[in-house]
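K.L.:
This is the structure, below, for whatever I ask next.
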Amino acid sequence: MAKKFSLNDAVQVRKVRLDVIPTKDGETIAIRVTGAFRGGEDAPGTRYGRKAVVLPAFDLVNETDGVVIGNKALASQLVESYPNDTYVGRCFTVKCLGTPTGKKYKAFDVIEIADPNPPAAPAPAKS
């Protein structure tokens, strides 16, 4: 007969739900983008019918995987500057500038930065 399962016996394999990397007005985050934007659909219950987007990322300061919740204005800055999702794998600082006067969305200042932990160069081929 099999042993009765208890939650104390559970062994974590992988965290499925990623934490949100907060973007507060006036604060700057440093991230490495790990995946392409998702979303952009109407987010139910949000003010003004905003279209939320999700950006999978690695928080360079806290060294944790997570997601950045943004808007189409944030997404368009990266998509227009880096076509074909070439922003994935790059590092950026993102500062939430708040809501501009007369607008209904938050603005972001996005700057590409050098990767503080670049991937190791491949070993030279032996001849």
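K.L.:
Which value at 222 nm does the chain reach when only helices count, each DSSP H run of 4 or more adding -39,500 (n - 2.57), with the total divided by all residues and rounded to the nearest 500 deg cm²/dmol?
P.N.:
-2500 deg cm²/dmol
K.L.:
Order of 65-77, 16-28 by packing, highest average Cβ count within 10 Å first?
P.N.:
Ranked by mean Cβ neighbours within 10 Å, highest first: 65-77, 16-28.
K.L.:
Roughly how far apart, in whole Å, are the Cα centres of the range 53-89 and the range 106-127?
P.N.:
Cα centres, the range 53-89 to the range 106-127: 15 Å.
K.L.:
Arg90's amide H: which non-local residues (gap 5+, or another chain) put their own amide H closer than 5 Å, with H modeled 1.01 Å from N in plane and none for Pro or chain starts?
P.N.:
Amide H neighbours of Arg90: Val33.
K.L.:
Given axes a ≥ b ≥ c from the Cα gyration tensor, I'd like to know whether the chain is rounded (a/c under 1.5), prolate (a/b larger than b/c) or oblate.
P.N.:
oblate
All of the numbers you see were taken from the coordinates with simple rules; none came from a lab. Fair warning: this is a prediction, and the values are worked out from it, not measured in the lab. Every residue, glycine as well, gets a Cβ built from its backbone with ideal geometry; the counts of neighbours run over all protein chains shown.
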